[in-house]
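The next block holds one structure in the form of structure tokens; read it before the comments.
The values are calculated or read from the model by the stated rules, or taken from the named source; none is laboratory data. Because the structure is predicted, anything quoted here is derived from the model rather than measured. Glycine also receives a Cβ, built like all others from the backbone with ideal geometry; neighbour counts cover every protein chain displayed. The accessibility values were calculated without ligands, DNA or RNA, using every heavy atom of the protein model including side chains. Shrake-Rupley method; radii C 1.70, N 1.55, O 1.52, S 1.80 Å.
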Amino acid sequence: MLNLVLFGPPGAGKGTQSENLIHKYDLVHLSTGDLLRSQIGLGTELGLQAKQLMDQGLLVPDEVVIGMIENKLNENQSAPGFIFDGFPRTVLQAVALDQLLDQHKTKINVMIALVVDSEELTRRLLLRGATSGRPDDQNEDLIRRRVEEYNDKTAPVADYYSQQEKFAAIDGIGEIDSIFKEICQQIDKSVGQ
């Protein structure tokens with residue numbers, strides 16, 4: 001089973017590369033945002049818990065998110081693997097994910113981090129904001145704050161996977177196909193192909 005974490009700040013190209021990886025490796029996409037919206041829409045117990053917290057402006061606790069991920073793993077037991085997008089964001093979440101995967105007799109093979117400098121991210125997000133209408137991509141100060149927060153909070157997660165020799169940084173600037181090829185080389189290396 002191939003399990004990978006796709007990491008990168010807003011605007012790094014995770015969405016584009018996720019789609020390519022899903023098609024090439026036949027992976028199940030696990031986006032915590034999508035999972036939350038789906039569980040709320042289905043009215044599941046975890047979804048109702050999450051909605052109650054979100055309606056109060058509170059973050060959904062790790063155990064609720066891990067519960068949703070476990071449900072998704074159980075629903076897709078015959079899947080060749082999973083791509084984790086937007087999770088884990090903290091070392092505690094990474095440890096919890098490792099424990100959950102261990103219970104399913106699998107593990108994270110590699111964490112791919114798309115590296116893009118702050119100026120390029122700001123340029124990309126402002127461009128995306130102009131075409132998508134997303135308000136969080138139209139304010140330069142807000143974009144810079146989001147990128148800074150990503151860098152501050154997620155660097156320890158990269159260190160966590162680095163200590164396990166499962167971390168690969170990929171330059172996220174360049175041709176989409178070239179970046180994808182480099183990601184695939186890292187994935188194939190991680191599974192010994």
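Just a few scattered comments:
- Among the candidates Thr106, Thr44, residue that is closer than 20 Å to Lys166 by Cβ and hydroxyl-bearing (Ser, Thr, Tyr): Thr106
- Hits in the range 115-135 (condition: open to solvent by 60 Å² or more (accessible area, probe 1.4 Å) and either modelled with pLDDT of 95 or more or closer than 26 Å to Asn3 by Cβ (or both)): Val115
- Complete set of residues in the range 136-154 that are open to solvent by less than 50 Å² (accessible area, probe 1.4 Å) and not charged (D, E, K, R): Ile143, Val147, Tyr150, Thr154
- Among the residues of the range 102-161, those that are touching a residue at least 24 places away in the same chain (Cβ under 8 Å) and of a type in the set (S, T, N, Q) comprise Thr106, Asn109, Ser118, Thr122, Asn151, Thr154.
- Residue satisfying all of: in the range 2-33; at positive phi and within 12 Å of the chain's Cα centre (by Cα); least open to solvent (accessible area, probe 1.4 Å) among these: Gly8
- Taken as a whole, the range 78-95 holds no residue that is aromatic (Phe, Trp, Tyr), farther than 20 Å from Met1 by Cα and open to solvent by less than 60 Å² (accessible area, probe 1.4 Å).
- Only one of the listed residues (Ile173, Ile179, Ile183) is over 19 Å from Gly33 (Cα atoms), in a loop (DSSP other than H, G, I, E, B) and modelled with pLDDT of 95 or more. That residue is Ile173.
- None of Ala79, Ala96 is among the small types (Gly, Ala, Ser), part of a helix (DSSP H, G or I) and over 12 Å from the mean Cα position of the chain (by Cα) except Ala96.
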